[in-house]
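Working notes for the structure below.
The values are calculated or read from the model by the stated rules, or taken from the named source; none is laboratory data. Here the structure is a predicted model, which means the values were calculated and not measured. Using ideal geometry, Cβ is built from the backbone for each residue, glycine included, and neighbour counts are taken over all protein chains shown. Only protein heavy atoms, including side chains, enter the accessible area calculation; ligands, DNA and RNA are left aside. Shrake-Rupley method; radii C 1.70, N 1.55, O 1.52, S 1.80 Å.
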Amino acid sequence: MIVRVSEIPDEGLRIEGPDSLGQPFADPAWTLSGVDLLVERDRDAVFVRGRLRARVPQVCGRCLEPFATEVAPEVEARFLPAPSGRAEERELGSDDLETDVYMNDQLDLGALVETETSLALPMKPLCREDCRGLCPVCGANRNVTACGCPERGTDARWAPLKGLADRLTR
């Protein structure tokens, strides 16, 4: 959804419901289930505040099974117009790191929604906290099958380090 910055009313623009943004995600498997955003303008600066809810398919980092996760990021973004021409070099302040830009009087809320949703995803997705993962010997999913494989012994090449660790912990 593209918003023209010059057309944002003085009281702000409220965007509610997932249908108001259409399909903001590049991946059609991602679904937006909730939107409550307020877009406000203060001269050239635009502030977007609110909440999102989205359902995103993931693959477990331990057992490799697909599952869906729900994320609900808080949105608090500040946009300024992109500098025109070639700007001189300048040092960024802490406020600059929290600021994005818009171009040609247009703000792409779909891109903001996709970015905020992506940033809310876990770094190592787990289908559940107690996921037992895959057996390193036969590859069976330990959540589904009780694997009877013997535990692999310690690699003999690590024995000198094990001995050193034992001596240091005494």
By residue number, the members of the range 38-58 that are more than 30 Å from LEU126 (Cβ to Cβ), open to solvent by 90 Å² or more (accessible area, probe 1.4 Å) and out of contact with any Asp or Glu (no Cβ under 6 Å at 6 or more places or on another chain) are ARG41, ARG43, ASP44
For the range 5-37, what are the residues that are open to solvent by 70 Å² or more (accessible area, probe 1.4 Å), under 23 Å from the mean Cα position of the chain (by Cα), over 16 Å from ALA72 (Cα atoms) and charged (D, E, K, R)?
ASP19
Qualifying residue in the range 114-126 (condition: among the hydroxyl-bearing types (Ser, Thr, Tyr), modelled with pLDDT under 85, within 24 Å of the chain's Cα centre (by Cα) and under 30 Å from LEU13 (Cα atoms))
no
Would you point out the residue of the range 130-170, among those that are part of a loop (DSSP other than H, G, I, E, B) and among the polar types (S, T, N, Q), that is modelled with the highest pLDDT?
ASN143
